[in-house]
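First the structure, in the form of structure tokens, and then the observations on it.
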Amino acid sequence: MLDTTALESFPSLISHGINVAGEISAPPSFQLPNSNDFDGFVKETIQMVKPAKGTTTLAFIFKEGVMVAADSRASMGGYISSQSVKKIIEINPYMLGTMAGGAADCQFWHRNLGIKCRLHELANKRRISVTGASKLLANILYSYRGMGLSVGTMIAGWDETGPGLYYVDSEGGRLKGNRFSVGSGSPYAYGVLDSGYKYDMSVEEASELARRAIYHATFRDGASGGVASVYYVGPTGWKKLSGDDVGELHYHYNPVTPSTVEQEMVEAAGP
Amino acid sequence: MTKQHANWSPYDNNGGSCVAIAGSDYCVIAADTRMSTGYNILTRDYSKISHLAEKCVMASSGFQADVKALQKVLSARHLTYQHQHNKQMSCPAMAQLLSNTLYYKRFFPYYSFNVLGGLDSEGKGCVFTYDAVGSYERVGYSSQGSGSTLIMPFLDNQLKSPSPLLLPAQDAVTPLSEAEAVDLVKTVFASATERDIYTGDKVEIVILNAGGIHREFMDLRKTDAFTEECMFMIDLF
């Protein structure tokens, strides 16, 4: 029932099939605490782990492919634990995953998904589809439902059927769609994204829209910030288009012009 | 009927702070040597630093029993790796191993806040920073532990490392020399000791460079200012 493929390598290295003590070796599993109140214990550990929910990620399909963008701030309560978190995870050269929720959960299970996709390629002599990859991840997360994982991710890629985009979360939900934004800054990102979206955009227009949407979300949402990264997924795979500090983007979009008073003073002090 | 909650917790926090700074051809890893529980000091002379591989050093604060268990698991896995591959583990490889080891206990975590420092395969300094369940990233500098909220803003101000996410890419390692970086670490711990009760006694500084590994200690304030004043008053009378 539980997905234990991520653990298989660990016990097999230790015992190699022959148990040193001669006991029956237990099947691979996650260690669980000896607690009567598992839910309460999990709630406490979640508090201790304090997953970073503050985030803005977005992805949309357009004529030329898929555009994926995210901020890079990780917050633990009110403390900014990092301004340089990689929230767009490169699963393989033609598929990307976004990170929202628990950083460790997203990192670990996206890496596991990349391994599963590679194994699929080796077993079937063809690349896995975005539909298939998102289903693999959704099934894993569903099997851990209720155990406190926090994952809100989008799987974006280009396969034989063209561009693909799925939203997958730790409740076990999986949605196919053309436009998604995930995280505490998503309402702000949706506002900019939905009003500026056209299917027939060029790659430059789409990347500028994505960048703006992230910038506006970081401006209004305290839990989002850092660097706005924009990736494009096309028929030849993904490519990182830009990574801009949102503080600098602010002055790029709102240039500071000297006021008339300052100009007069400069003239008076002239030769 | 309200739910009964456990009076016993398997965890404790022994306090302490750790710092790591990466340079162009060196890496400095430091941690204080105070081990506390609640308002008591258990010892003033406890090392939080573990030399995992030839070019890889880990400093951990949090619950030292979990830290010790984690260090043992990692050194056992490193030994297995050496037997199988006939070479030492590189720092980035150890970084991934630490992340996976932490995540394997996702539902009963190691209460351990780690920084990993060392030299990568090109000889450049690298620092990896972790949370308790294994999420990690490569950075130019980092601090963890009870004094990290005091130390990090100061390091941000002094080291100004450009984000590795920027495009075009910019180097994350600090332009400081090794001696300047060690000096910065000493300053940082002296400041953290002033305002964090769990940080103090001594700072253990480990420097990794092409020439090998070098360790030094620096004394820190052992008591807080109020206690010192009281002691001074008592002496007068």
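Relative to one another, the C-alpha centroids of the range A:96-125 and the range B:47-85 are positioned 27 Å apart. I'd like the carbon and sulfur percentage of the solvent accessible area for the range B:17-235, probe radius 1.4 Å, heavy atoms only, ligands and nucleic acids excluded. The value for the range B:17-235 is 53 percent carbon and sulfur by accessible area. Computed 3J(HN,Hα) for the range A:104-116, one whole-Hz value per residue from the Karplus formula 6.51 cos²θ - 1.76 cosθ + 1.60 where θ = phi - 60°, is 5, 4, 5, 4, 5, 6, 5, 5, 4, 5, x, 5, 5, glycine and proline marked x. Placing dummy labels 7 Å off each Cα toward the beta-carbon, the span from B:K222 to B:K3 is 4.6 nm. Comparing B:K55, B:K222, B:K87 in a Gaussian network model of chain B where C-alpha atoms under 10 Å apart are linked, the largest mean-square fluctuation is found at B:K87. Length gained on full extension, A:L32 to A:N254, computed as 0.36 nm times the residue gap minus the Cα-Cα distance: 74.7 nm. The largest accessible area among B:R77, A:R127 belongs to the first residue in A:R127, B:R77, and the rest follow in falling order (1.4 Å probe, all chains). Comparing B:G123, B:G140, B:G38 in a Gaussian network model of chain B, where Cα atoms under 10 Å apart are tied by springs, the biggest mean-square fluctuation is seen for B:G38.
Note on the range B:17-235: Lys pairs 8 or more places apart or on different chains, Cα atoms under 21 Å apart, count 20. Between B:S75 and A:V203, the FRET efficiency from the beta-carbon distance, with R0 = 60 Å, is close to 0.75.
Using the Cβ-Cβ distance between A:K63 and A:K240 with R0 set to 22 Å, the FRET efficiency works out to roughly 0.60.
Protein heavy-atom accessible surface, 1.4 Å probe, per residue over the range B:17-235: 43 Å².
Accessible-area rank, largest first, for A:W158, B:W8: B:W8, A:W158, with all protein chains present and a 1.4 angstrom probe. Report the label-to-label distance for A:K125 and B:A179 in nanometres (one decimal), using points 7 Å from each Cα along the Cα→Cβ vector. Placing both labels 7 Å beyond Cα along the Cβ direction yields 6.5 nm. Computed about the Cα centre, the dipole magnitude for the range B:164-212 is approximately 60 debye when only Lys and Arg (+1) and Asp and Glu (-1) carry charge, each at its Cβ.
Note that the range A:52-253 presents 41 Å² accessible area per residue, ligands and nucleic acids not counted, probe 1.4 Å.
The values are calculated or read from the model by the stated rules, or taken from the named source; none is laboratory data. Quantities reported herein were computed from a predicted structural model and do not represent experimental measurements. A quick note on method: Cβ atoms are made from the backbone with ideal geometry, for glycine too, and the neighbour counts reach across all protein chains shown. Side chains are part of the model used for accessible areas, which takes the heavy atoms of the whole protein and leaves out ligands, DNA and RNA. Shrake-Rupley method; radii C 1.70, N 1.55, O 1.52, S 1.80 Å.
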